[in-house]
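Computed from the coordinates by the stated procedures, all read-outs in this text should not be read as laboratory data. Just so you know, these numbers come straight off a predicted model, no measurement behind them. Here Cβ is always computed from backbone atoms with ideal geometry, including for glycine, and neighbour counts include all displayed protein chains.
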Amino acid sequence: MSNEAEGLADLHWMFDMLHHIDVGLVVLNEKYEVQLWNSFMENHSGVSSSIAKQQSLLSIFPNLDTGWLRQKMDNVFGLKTPIYISWEQRPNLFPFKSYRPITGIANKMYQNVAIRPISSPNGAIKHLCLVVYDVTDIATNKIALSAANDKLKRLTSALSK
Amino acid sequence: MSTRVLICDDSKLARNQMARVLPTDWDVEVEYAENGQEALELLSASAFDILFLDLNMPVKDGYETLEALQSFSQSPAVIVVSGDVQPKAIERVKDMGAVAFHKKPASGEELRTLLISLDLFSADINNAQPAVEIVTAAEQFTLNECLQEISNIAMGRAASVLAEMLNVFIKLPVPTVNILEVGELQMALDYSVKAESCSAVSQGFVGSGIAFEALLIFSDSSFPDMAKLLGVTENITRELETELLMDVSSILVGPFMTAIGKQLNIDFSHSHPVLLGQHVTIADLINVKKATWQRTLAVEIVYEVENYQISCDLMLLFTEDSVPTLENLLSFLVEDE
């Protein structure tokens, strides 16, 4: 009895952690239907978990480049290997706002996204997991740095003329 | 009369592994060759019944050996044992006269089944003793040899995934393993990339005391053909190049690492791949002056796609403090089999 209660408690804190971690977690089945939608995804998208769970990921965000994203997900299913999407190729895959709209310089959240295959106990890949990282600070710093470098280059070349 | 078997592989570890998994109750006489040239010399001097042949070898590779064997009046049954599991590689060797293909590393049970199905071996109860003298001392293999062989197997797996997705044939080289100083790494990259401008992606891996970076470098002249290969018809913009880089690196590095991790029995943690630079020179990638490390253990693999102008350089760069752990792990790998 106590073992069972302990197991439940373990599950409870594990789930609490997954739900509140500051990283977006989405699990999809083969029809791209949402199986798990953590609070990061709920709060940033404004779509609650109970609503998200009945739908395909592609229909939750109408402005998503669906053909493109579907191809990425199909590759993960087909090749059984993770595929990474960097903020440098798609700065804002999901239309989320930045965490610091007042003191920050970006309005939108820059994201790195990893799409990983999840294997079921028999080894078949029936689900995949999207992990969404907020990289707004890194991206804005890098953009500012390269802008400063460009400016410096222009100034030095103007000086040497 | 005992069956005469020739094992041809450039890796001592692979030759030894192959000899170990031969059925123990088989009356065989085993000889070894380090490359196709050596094998052909042995085969023309005396007749062998079976040849276990690797594909990626220096001097004369497996394909060239198969081709040369076609002019032999009395040639052995050739079983290709290779890490290159691309469907086209398998098809190609069978067309060239190999009786079977087996993925590397072969297990005793699989090999036994294969040999029985080919009618090359039948169990002989009267002769139940080890067929070959087995080298057990792990010290006989250097770190470089072990690392080269596990990279070889991992590289084949990765190429097979890429080949399946793109329906092409990936040419696989022999991986090189070296300890490099900071300046030497830059020289090595300069030598193999041979391009004035290149783009690179790096992904970090860490697990069980081993840390390394997988650095993938493309010469910028590869982009038009890369776009063609991935079915992209749009104009090549900087964003599109990033997209191509991220996709190819995901597909190439992921399966490679899975295969390495499986062999070493480590579930590595890894970073998101980072775009190191676009249209930069090698010197911009590896900053010799700012480097905080002194030496790195480097495994280098140059992938080329047949009929396309695409070449990319995959470098696994291990930190110096990973080397003792790696050595220890690999010695277990050799002993275990």
With label points set 7 Å from each Cα along the Cα-to-Cβ direction at B:Trp293 and B:Glu306, the distance between them in nm comes to 3.5
Sites removed, the longest contiguous part of chain B containing no DSSP-loop trypsin sites (Lys or Arg not before Pro) with at most 16 other Cβ within 10 Å is B:1-193
5 angstrom amide H check on A:Gln55, placed H, neighbours 5+ away
A:Val34
Non-local residues with an amide H under 5 Å from the amide H of B:Lys60, with H modelled 1.01 Å from N and Pro and chain starts lacking one, are B:Gly36, B:Gln37
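Hey, fewest Cβ within 10 Å first, where do B:Met246, B:Met226, B:Met96 land in order? Each step should come with its number before you reach the end.
Numbers: B:Met246 21, B:Met226 24, B:Met96 17.
Ascending number of Cβ neighbours within 10 Å: B:Met96, B:Met246, B:Met226.
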Antiparallel DSSP beta bridges within the protein assembly as shown, percent to nearest 5
75
Listed by chain and number, the lysines with an alpha carbon less than 30 angstrom from that of B:Lys290, same-chain partners under 8 positions apart left out, are A:Lys142, A:Lys151, A:Lys153, B:Lys194
What is the sum of charges, Lys and Arg at +1 and Asp and Glu at -1, for the other residues whose Cβ falls under 11 Å from the Cβ of B:Thr281?
-4
Going fewest to most other Cβ atoms within 10 Å around each Cβ, A:Cys129, B:Cys8 line up as A:Cys129, B:Cys8
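Estimate the FRET efficiency between B:Glu109 and A:Ile118 by the formula 1/(1 + (r/R0)^6), using the beta-carbon distance for r and 30 Å for R0, to the nearest 0.05. Write down the numbers at each step before the final one.
Working: r = 30 Å, r/R0 = 1.00.
Computed FRET efficiency for B:Glu109 and A:Ile118 comes out at 0.50.
Efficiency by 1/(1 + (r/R0)^6): what FRET value for B:Asp49 and B:Asp267, r their Cβ-Cβ distance, R0 = 45 Å, to the nearest 0.05?
Numbers: r = 42 Å, r/R0 = 0.94.
Between B:Asp49 and B:Asp267 the formula returns 0.60.
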If you wrap the stretch B:140-336's Cα atoms in a convex hull and average its projection over all directions, what's the area in nm²?
10.9
In debye to the nearest 20, the charge dipole size for the stretch A:23-135, taken about the Cα centre with +1 at each Lys and Arg Cβ and -1 at each Asp and Glu Cβ, equals 40
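Can you list, largest first and rounded to whole Å, the semi-axes you get for the protein assembly as shown by taking the square root of 5 times each eigenvalue of its Cα gyration tensor? Mind dumping the intermediate values first?
Numbers: eigenvalues 418, 171, 96 Å².
Equivalent ellipsoid semi-axes, largest first: 46, 29, 22 Å.
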The residues A:His19, B:His279, sorted from fewest to most surrounding Cβ atoms within 10 Å, come out as B:His279, A:His19
What percentages, rounded to whole numbers, describe P(r) for the stretch A:95-146 computed over all alpha carbon pairs with 5 Å bin width beginning at zero?
5, 19, 18, 16, 11, 9, 8, 7, 5, 2
Only bridges whose two residues both fall in chain B count here: according to DSSP, what percent of them are antiparallel, nearest 5?
70
Determine ³J(HN,Hα), in whole Hz, for all residues of the stretch B:211-224 in sequence, where each value follows from phi through the Karplus function 6.51 cos²θ - 1.76 cosθ + 1.60 and θ = phi - 60°; x replaces Gly and Pro.
10, 7, 10, 9, 10, 10, 10, 10, 6, 5, 6, 6, 4, x
